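Notes for the one structure printed next.
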Amino acid sequence: MEHKTIFDITSRGFHENPGETYRAMWKTGDIVRVRLPFIGQAWLAVRSDLCREILKDSELYTRQPERAGKKDSSQIPFWMPGVFRNMVHNMLMFDEPEHRRLRRLVEGALARRNVSGLRAGMEDTADALLGKLGGNSTVDIIEAYTRELPMSVICEFLGIGREEMRRVKSMAMGLTKLSGAYSILSAMPSLYRLRSFLWEKFEQVRQSPENGLISHLVEIEEEGDRLSREELTSMVFMLFTAGHETTTHLLTGSILALLDHPEQKRALLGDWSQLPVAVEEFLRFVSPVQLTKPRFVTADTEIGSTRLKRGDAIMVHIGAANWDPRVRENPFEMDITRSPNYHLSFATGIHSCLGQQLARIEAQVGLKALFTRFPNLELHGDRAKLEWTKRLGMHSLARLQLRLNDREL
């Protein structure tokens, strides 16, 4: 079956109204054709059941292209500098047994950190950030809060101190705007500085262990195995970027969703016990992470009337899967009481998100603190003129201007 329609999943129109694109995708089939930067033409799975099947079947759908007959197994364009390759060559690039080896080591380190015990510190950080914001002022809530909170949390979690965090933040800001070859090359100086910082940190905690995940990763050893410096670098970089960037956009998208649904906002503010269930709906409805990494088909196969050849790349569209009307009622409507809510925002299978518990707690803390202090906050400016990023695979705003009203409405 020929797929002539090429869908644009980076356009403003898609971000403003993803449901329209999802309907067109589903009308085309369970998989659709897309052209993506660095990857080229690829298949995109857009139905929930198929997406789950692909994420769980690493035999037919592998993360390692050499297993699907590809000559280039790097998954990274040849022109990318070595520092970029080192940073992104993490466990998400592998299937078993190498993935299990790397994940086992990081899970051993994570077990030493009490994620739920971080809640009190998150609440203090959120209050401190919001305390800097003047009542009745207008702010970009991303710059002032939804990026600052996750950045502070992940730095504390990793064991990066306050002074170190200032350095890391300046390095990381350029990495939040990667959308093409030019922006990636422009970010190289920041990547070099960040890698140098991490190498210094590894040596520091090796000499004087600390109570942070970086120190635990350096120390951890199971069955005579430990992470090499290159593996440590890519692992910490993955945890750092995923630990603040995706949560930033979850928080921002959830704020906008509540402002778009004032009745549900009032219901939540009147009963914060609904918050854990509401966050699951924000994860589904906002779907800040839209795409998984590409899988490669290890053998010719058919999906519906479409034949995939060995070596073809296929990606899972999490947003489309989360809005699939085949598996849930009224998927185009936000419902903060929706339960059960089996979304794919943390993926599934062997590559399911390591930090999902941390992300859930951050979203709960961040939203409650903001709307408790500023229950009457409003969108500043025209809703139709919101600026969306062009980050491939992310559903994210570039900025969100809010009026922080202290007055009673």
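The values are calculated or read from the model by the stated rules, or taken from the named source; none is laboratory data. As the structure is a computational prediction, the values presented were derived from the model and not from experiment. Please note: Cβ atoms are built from the backbone with ideal geometry, for glycine as well, and neighbour counts cover all protein chains shown. When the accessible area is computed, the model is the full protein with side chains, heavy atoms only, and any ligands, DNA or RNA have been set aside. Shrake-Rupley method; radii C 1.70, N 1.55, O 1.52, S 1.80 Å.
All of (1) of a type in the set (Phe, Trp, Tyr); (2) modelled with pLDDT of 90 or more; (3) buried (at least 16 other Cβ atoms within 10 Å of the Cβ) hold for Trp199 with one exception: (3).
Please verify whether region 327-348 includes one or more residues that are touching a strand residue (DSSP E or B) at 6+ places or on another chain (Cβ under 9 Å) and either more than 18 Å from Ala242 (Cα to Cα) or assigned to a helix (DSSP H, G or I) (or both). Taking every residue of region 327-348 in turn, none turns out to be touching a strand residue (DSSP E or B) at 6+ places or on another chain (Cβ under 9 Å) and either more than 18 Å from Ala242 (Cα to Cα) or assigned to a helix (DSSP H, G or I) (or both).
The single condition among (1) small (Gly, Ala, Ser); (2) modelled with pLDDT of 95 or more; (3) farther than 25 Å from Thr248 by Cα that Gly311 does not satisfy is (2).
This table checks each residue for (1) aliphatic (A, V, I, L, M); (2) under 30 Å from Val115 (Cβ atoms); (3) more than 16 Å from the chain's Cα centre (by Cα); (4) surrounded by fewer than 16 Cβ atoms within 10 Å (Cβ to Cβ).
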| site | (1), (2), (3), (4) |
| --- | --- |
| Gly366 | no, yes, yes, no |
| Leu370 | yes, yes, yes, no |
| Pro375 | no, yes, yes, yes |
| Arg383 | no, no, yes, yes |
| Leu392 | yes, yes, no, no |
| Leu397 | yes, yes, no, no |
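Summed over region 109-128, the residues that are open to solvent by 20 Å² or more (accessible area, probe 1.4 Å) and modelled with pLDDT of 90 or more give a count of 8.
Note on region 129-159: among residues that are surrounded by fewer than 18 Cβ atoms within 10 Å (Cβ to Cβ) and touching an Asp or Glu at 6+ places or on another chain (Cβ under 6 Å), the one that is modelled with the lowest pLDDT is Asn136. Taking the stated definitions as given, is Ile350 over 15 Å from Pro18 (Cβ atoms), under 19 Å from the mean Cα position of the chain (by Cα) and open to solvent by less than 50 Å² (accessible area, probe 1.4 Å)? In short, yes. Of all residues in region 199-234, those satisfying the criterion of being among the β-branched types (Val, Ile, Thr), closer than 18 Å to Arg104 by Cα and touching a Gly at 6+ places or on another chain (Cβ under 8 Å) are Ile214, Ile220.
Is it the case that Ser170 is of a type in the set (Gly, Ala, Ser) and either at pLDDT 75 or above or closer than 18 Å to Leu227 by Cβ (or both)? Against the criterion (of a type in the set (Gly, Ala, Ser) and either at pLDDT 75 or above or closer than 18 Å to Leu227 by Cβ (or both)), Ser170 qualifies. Can you find, within region 202-243, the residue that is surrounded by the fewest Cβ atoms within 10 Å (Cβ to Cβ) among those that are polar (S, T, N, Q) and either closer than 20 Å to Cys353 by Cα or in contact with a helix residue (DSSP H, G or I) (Cβ under 6 Å, 6 or more places away or on another chain) (or both)? Once the filter is applied, the top-ranked residue is Thr241. Filtering region 259-303 to residues that are part of a strand (DSSP E or B), in contact (Cβ under 8 Å) with a residue 24 or more places away in the chain and among the charged types (D, E, K, R) leaves only Arg295.
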